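Everything below concerns the one structure shown next.
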Amino acid sequence: MVSAAQLVQRLNACGISITAEQGQLKTKAAKGKLTEELATQIRQCKQELLTFLSNVNNVEQAPQVTAGIQHQELPLSFAQQRLWLLDQIDGGSAHYNMPFTLRLSGTLDRAALTTALNGIVMRHAVLRTVYLQKDDGAVTQHVMPEAAVTLIWQDLSNEAQEQVNLRFDELQQAEAMRPFDLSRDVMLRATVLSVSAHEHVLL
């Protein structure tokens, strides 16, 4: 049997909201969304759902942390202060870069990949956060309302395998060691090495 949390998650994924009101379960769904299978699961888990939803309601009534207004100047967290200071000392360092390599097989839709990467950046504000130093020396963080990833494409399909391996190692190392400009860069970048029409490597 699924847990109450799992069932609520499944209902939400199906576009069905469920709440607990005065000891009763209330559902709201478009016509045809609440199937007999789901209705049966709700009946079987009624008490667990009531307990779970009551606890959720109690948490929601607690003071909430609200999102900062993106265009306002915000102070750096301690971790951000440390990152910015080390970057200033090193003159641009790749120490905190987190490189990874992903091999892709099959036809690669460049537009779809670019859209996916940009979707990640727009979903996570930390990837659009830059650090700005004011005239008085104070440093603040600013979340850019919009930012885009520039997908770099390297075509290696016409090179011999030995040369491909050499270029791959060089590009992988270069990308891993290339620092970010904390005052203006999007904190995600991507390079595609095209080995053939159906084999690619995403850095």
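The values are calculated or read from the model by the stated rules, or taken from the named source; none is laboratory data. Worth saying up front: this structure is predicted, and the values here are computed from it rather than measured. FYI the Cβ positions are ideal-geometry reconstructions off the backbone, even for glycines, and counts take in every protein chain you see. All accessible areas refer to the heavy atoms of the entire protein, side chains included, with ligands and DNA or RNA removed. Shrake-Rupley method; radii C 1.70, N 1.55, O 1.52, S 1.80 Å.
Structure above, values below:
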| read-out | value |
| --- | --- |
| Count of residues meeting criterion [outside any helix (DSSP H, G or I) and among the polar types (S, T, N, Q)] in the stretch 1-23 | 4 |
| Count of the stretch 108-142 residues which are under 17 Å from Leu203 (Cα atoms) and open to solvent by 60 Å² or more (accessible area, probe 1.4 Å) | 5 |
| Yes/no for Arg178 being more than 20 Å from the chain's Cα centre (by Cα) and basic (Lys, Arg) | yes |
| Every residue from the stretch 164-195 that is surrounded by 12 or more Cβ atoms within 10 Å (Cβ to Cβ), out of contact with any helix residue (DSSP H, G or I) (no Cβ under 9 Å at 6 or more places or on another chain) and more than 13 Å from Met98 (Cα to Cα) | Val164, Asn165, Leu166, Arg167, Phe168, Leu171, Ser183, Asp185, Ser194 |
| In the stretch 1-16, the residues that are open to solvent by less than 100 Å² (accessible area, probe 1.4 Å) and either of a type in the set (A, V, I, L, M, F, W, C) or at pLDDT 85 or above (or both) | Val2, Ala4, Ala5, Leu7, Val8, Leu11, Ala13, Cys14, Ile16 |
| Hey, Gln161 open to solvent by less than 60 Å² (accessible area, probe 1.4 Å), more than 23 Å from the chain's Cα centre (by Cα) and free of Cβ contacts under 8 Å to residues at least 60 places away in the same chain or not | no |
| Residue that is farthest from Asp135 (Cα to Cα) [pool: residues in the stretch 75-95 that are outside any helix (DSSP H, G or I) and modelled with pLDDT under 85] | His95 |
| Looking only at the stretch 152-171, and only at residues there that are among the aliphatic types (A, V, I, L, M) and part of a loop (DSSP other than H, G, I, E, B), the one that is nearest to Leu113 (Cα to Cα) | Leu156 |
| Complete set of residues in the stretch 114-127 that are over 22 Å from Ala174 (Cα atoms) and over 11 Å from the mean Cα position of the chain (by Cα) | Thr115 |
| Residue check for Leu182: part of a loop (DSSP other than H, G, I, E, B), in contact with a Leu (Cβ under 8 Å, 6 or more places away or on another chain) and either among the polar types (S, T, N, Q) or on the phi < 0 side of the Ramachandran plot (or both) | yes |
| All positions within the stretch 24-41 that are in a helix (DSSP H, G or I), open to solvent by less than 70 Å² (accessible area, probe 1.4 Å) and either farther than 14 Å from Ala5 by Cβ or among the acidic types (Asp, Glu) (or both) | Leu38, Ala39, Thr40 |
| Pairs with Cβ under 8 Å, 6+ apart, first in the stretch 25-48 and over 17 Å from Asn12 (Cβ atoms), second open to solvent by less than 100 Å² (accessible area, probe 1.4 Å) | Lys46/Leu25 |
| Scope the stretch 86-99; condition more than 20 Å from the chain's Cα centre (by Cα), open to solvent by less than 60 Å² (accessible area, probe 1.4 Å) and within 21 Å of Leu171 (Cβ to Cβ); matching residues | Gly92, Ser93, Ala94 |
| Candidates Leu83, Leu102, filtered to the one that is farther than 21 Å from Ala190 by Cβ, open to solvent by 40 Å² or more (accessible area, probe 1.4 Å) and touching a residue at least 24 places away in the same chain (Cβ under 8 Å) | Leu83 |
